[in-house]
Amino acid sequence: MSKKTKNVAFIGVCTALALVLSYIEAILPPLFAAVPGIKMGLPNIIIMFLLYRRGPAAAIAVSLIRMLLVSLLFGNMMALMYSLAGAMLSLIVMIILRRLNFLSTVGVSVAGGVSHNIGQILTAMLLLETAELGYYLVVLTITGTVSGMLIGLCGAALIKHIPNKI
Amino acid sequence: MKEKENTVKRYVRNDILLILCLVLIAAIGLFYLYVLRDHGDTVRVTVDGKEYGNYSLSQDITEDIYTGKDGEYHNRLVIKDGTAFMESANCPDGICVEHSRVFRDGESIVCLPHRVVITVVTSGDSNTPDVVI
Ligand SMILES: [Zn+2]
């Protein structure tokens, strides 16, 4: 197989995995029903893995394709706006932090998880033109930290154990 | 080898610092939200950022809020015993209905799909704090 074909296949498999994780997340009961759109960010495990293995471009590509597919399969445009803002902010933060190289994958993932939630709430504040949502930022900081830790540990395990050759 | 170990140690230390900072920020926020805040007295409803109505928290009411182009979106706001909650709604996620009751100043329930926000506020001069003499 040529290198290019291999790469396409690899990205495809990762997208499929991220999509499956999105689905699992969608059918699981919400962690914090009180907060709109709160998501653990399970697909972030794959995004983290890609970011460390293949670099920012692959991570951004899979993240975008996943969101587009999710919104086509089981979402609406509103939800796409939130997840887009959350995912992009979290990706940018993670890419920068990985570059700065002073945190482990767990720390990077925690920062990614928190910024993911903040991005979603800021978008909601803009769209709804209300500042009252600021209350959620506190709750989302906590949930983002906890889920970021779990996802960072999973991502670190993947990065460590999946052979580099694939 | 030694150098690698040190790098890992540095990483872990920075990770822990980051997490502690976030926990601290959250703790301060929670303290402010749950300890320092007074009870509000009015529920303000906004749809799409525009004011829809104000309702007193001291009066038990049931208000049906119809939104959307043809009023196809429905949220039922109930005020009972000084607390407000969304009793029912036909939004796809149902998050607003599952939200706990609100009564503290600034607390809100949001229905993102319907763009309905209910917020507890303190009417009148909200800048003067209640002074108990
Ligand atoms: Zn709702």
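The values are calculated or read from the model by the stated rules, or taken from the named source; none is laboratory data. Every value quoted in this text rests on a predicted model; they were computed, and no experiment measured them. Cβ sites come from the backbone with ideal geometry, for glycine too, and all protein chains shown count toward neighbours. Keep in mind that these areas ignore ligands, DNA and RNA; they rest on the heavy atoms of the full protein, side chains included. Shrake-Rupley method; radii C 1.70, N 1.55, O 1.52, S 1.80 Å.
So that you can scan it fast, the table gives a plain yes or no per residue for (1) outside any helix (DSSP H, G or I); (2) open to solvent by less than 20 Å² (accessible area, probe 1.4 Å); (3) more than 10 Å from chain B (Cβ to nearest Cβ):
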residue	(1), (2), (3)
A:M88	no, no, yes
A:I96	no, no, yes
A:L137	no, no, no
A:G144	no, yes, no
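Results for (1) in contact with an Asp or Glu (Cβ under 6 Å, 6 or more places away or on another chain); (2) facing chain A (nearest Cβ under 9 Å); (3) more than 21 Å from A:G107 (Cβ to Cβ); (4) surrounded by fewer than 13 Cβ atoms within 10 Å (Cβ to Cβ), shown as yes or no for each residue.
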| residue | (1), (2), (3), (4) |
| --- | --- |
| B:I19 | no, yes, no, no |
| B:I25 | no, yes, no, no |
| B:L30 | no, yes, yes, no |
| B:L33 | no, yes, yes, no |
| B:T42 | no, no, yes, no |
| B:D48 | no, yes, yes, no |
| B:N54 | no, no, yes, yes |
| B:L57 | yes, no, yes, no |
| B:T83 | no, no, yes, no |
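Whether any residue in the range B:101-122 is hydroxyl-bearing (S, T, Y), part of a loop (DSSP other than H, G, I, E, B) and within 16 Å of the ligand (Cβ to nearest atom) is what I want to check. No, the conditions are met nowhere in the range B:101-122.
Whether any residue in the range B:45-66 is of a type outside the set (A, V, I, L, M) and in a helix (DSSP H, G or I) is what I want to check.
Scanning the range B:45-66, I find no residue that is of a type outside the set (A, V, I, L, M) and in a helix (DSSP H, G or I), so the answer is no.
Listed here are the residues, each with its yes/no results for (1) open to solvent by less than 20 Å² (accessible area, probe 1.4 Å); (2) not β-branched (V, I, T).
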{"residue": "B:Y66", "(1), (2)": "no, yes"}
{"residue": "B:N90", "(1), (2)": "no, yes"}
{"residue": "B:C96", "(1), (2)": "yes, yes"}
{"residue": "B:R101", "(1), (2)": "no, yes"}
{"residue": "B:V110", "(1), (2)": "yes, no"}
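Looking only at residues of the range B:86-98 that are closer than 13 Å to B:R76 by Cα and assigned to a loop (DSSP other than H, G, I, E, B), we find that the one that is modelled with the lowest pLDDT is B:G94.
Comparison of A:I166, A:I121 shows that the only residue that is in contact with a Phe, Trp or Tyr (Cβ under 7 Å, 6 or more places away or on another chain), farther than 26 Å from B:I16 by Cβ and at pLDDT below 90 is A:I166. Taking every residue in the range B:86-109 that is more than 19 Å from B:D60 (Cβ to Cβ) and pairing it with any residue that is assigned to a helix (DSSP H, G or I) and more than 8 Å from the ligand (Cβ to nearest atom), at least 6 positions away or on another chain, the pairs with Cβ-Cβ distances below 7 Å are B:G106/A:Y135; B:S108/A:Y135.
Filter the range B:64-79 for residues that are away from the ligand (no atom under 14 Å from the Cβ) and modelled with pLDDT under 95 and give the result. B:K69, B:D70, B:G71 - these are the residues of the range B:64-79 that are away from the ligand (no atom under 14 Å from the Cβ) and modelled with pLDDT under 95.
Name the residues in the range B:68-81 that are within 14 Å of chain A (Cβ to nearest Cβ) and open to solvent by 50 Å² or more (accessible area, probe 1.4 Å), would you? The one that is within 14 Å of chain A (Cβ to nearest Cβ) and open to solvent by 50 Å² or more (accessible area, probe 1.4 Å): B:Y73.
Against the condition modelled with pLDDT under 85 and either in a strand (DSSP E or B) or farther than 15 Å from A:Y135 by Cα (or both), how does B:S126 come out, does it pass?
For B:S126, the condition - modelled with pLDDT under 85 and either in a strand (DSSP E or B) or farther than 15 Å from A:Y135 by Cα (or both) - is met.
For the range B:85-97, the candidate set comprises residues that are more than 24 Å from B:T122 (Cα to Cα) and within 11 Å of chain A (Cβ to nearest Cβ); within that set, the residue that is farthest from the ligand (Cβ to nearest atom) is B:P92.
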